[in-house]
Amino acid sequence: MTQYANDTLRQAVREQYGKVAEADNSEGGNSATSCCDESSSDAKTTSMKLGYSNTDVGEVPDGANMGLGCGNPKAIASLKPGETVLDLGSGGGFDCFLAVREVGESGQVIGVDMTHEMLGKARKNAADAGYNNVDFRLGEIENLPVADSIVDVIISNCVINLSPEKAKVFRESLRVLKPGGRLAISDVVATAELPEKFKHDLALFTGCMSGASSIEAIETMLKDAGFDEIEIKPKDKSRDFIRNWLPDSKIEDYVVAATIEAIKPKA
């Protein structure tokens, strides 16, 4: 996507997910093509395909789950009571509300999103459900509105691929994590060189496809940021649902969902 300026890419993502937030899609497929969206499935069905349980999708506020994502970061986060969790690209708050159940009243969950419409949706969901230890903040994941060394765990679901400055996202992630803090992310990675027609399609960037980086590139960015114990595990079975993001394009031959884990050194 080098022919587009970073601000152009961010604005395209902001506009696209503003439209998604404004659509009342908690019970059906998104009316706007969006990141990790299976338009033929309702949100609950899609989320369960991604690894969430029936309990997960049934115990969040109405409208929080919009069927977006490419996995379940909570499944690898090993959240504990009392921890502070940060969700990068928190959307309607789905993963934040699931995290609240794990960290309890003694913990805190922070969601950061750059889309006003998503932020408004998440805050309304939190207020309606009576959550007092969830804080949704407006901001870019490349410039987090979070203090240094206060977060135990960072989660994110199919969002970092949307950043035109991924290395900066990882540097910011290291900054806000406590020593020994951990990264637990579900995202899309590239497994082969994308065809030129895909690389320069802005709609495929906002749809979580053409902005994916290779596993090797992500490992390098994480190491350069200062992370240790890096593990990136591609999930070949994800090709089954990725195929539906852009039918008949063979996009599943080029990108796959993966879990990304890393630790901030204690020293």
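Quick look at the values:
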item	result
Dipole of region 163-267, positive end: most advanced residue of ALA192, GLY211, ALA262 [Cβ charges, Cα centre]	ALA262
Per-residue SASA entry for ILE160, accessible area with 1.4 Å probe, Å² rounded to 10	10 Å²
Karplus (6.51, -1.76, 1.60) ³J(HN,Hα), θ = phi - 60°, over region 82-90, in Hz, Gly and Pro reported as x	x, 7, 9, 10, 10, 10, 7, x, 6
Loop-resident sites, region 119-187, for GluC sites (Glu not before Pro), counting at most 13 other Cβ within 10 Å (DSSP)	none
Additional length obtainable on full extension of the chain from LYS178 to ALA75, 0.36 nm per residue less Cα span	35.0 nm
Lysine pair count for region 68-202 [Cα-Cα under 24 Å; pairs on different chains or 8 or more apart]	11
For the chain: relative contact order, % (alpha-carbon pairs under 8 angstrom, 6 or more apart)	19 percent
Relative contact order (%) - criterion: Cα under 8 Å, at least six apart; region: region 37-126	28 percent
ASP248 versus ASN132: modelled label distance in nm, points set 7 Å from Cα along the beta carbon direction	5.6 nm
Placed amide H near PHE136: partners under 5 Å, 5+ positions off or other chain	GLY111
Rg over Rh [alpha-carbon atoms, Kirkwood Rh] for the chain	0.93
Karplus-derived HN-Hα couplings along region 170-178 (A = 6.51, B = -1.76, C = 1.60, θ = phi - 60°), whole Hz, x at Gly and Pro	5, 5, 5, 4, 4, 4, 7, 6, 5
Cα-centre dipole for the chain with unit charges at Cβ (Lys and Arg positive, Asp and Glu negative), debye to 20	320 debye
Solvent exposure, largest accessible area first (probe 1.4 Å, DNA, RNA and ligands not counted), of GLU231, GLU193	GLU193, GLU231
222 nm mean residue ellipticity, helices alone, for the chain (DSSP H n ≥ 4; -39,500 (n - 2.57); rounded to 500)	-9500 deg cm²/dmol
Given charges at beta-carbon only (K, R positive; D, E negative), |dipole| of region 188-246 in Debye	380 debye
Estimated vicinal HN-Hα couplings, Hz - region 227-234 in sequence order (Karplus 6.51, -1.76, 1.60; Gly, Pro = x)	7, 10, 6, 7, 9, 10, 10, x
Carbon/sulfur fraction of accessible area - the chain, other protein chains in place, 1.4 Å, %	46 percent
Solvent exposure, largest accessible area first (probe 1.4 Å, DNA, RNA and ligands not counted), of THR115, THR191	THR191, THR115
Gyration tensor verdict on region 100-184 (Cα atoms; rounded if a/c is under 1.5, prolate if a/b is larger than b/c, oblate otherwise)	oblate
Amide H partners (placed H, <5 Å) of THR191, local residues excluded	VAL255, VAL256
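The values are calculated or read from the model by the stated rules, or taken from the named source; none is laboratory data. Nothing here was measured: the structure is a model prediction, and the numbers come from that model. All Cβ positions, even for glycine, are placed from backbone atoms using ideal geometry, and neighbour counts span all protein chains on display. With ligands, DNA and RNA removed, areas are computed over all heavy atoms of the protein, side chains included. Shrake-Rupley method; radii C 1.70, N 1.55, O 1.52, S 1.80 Å.
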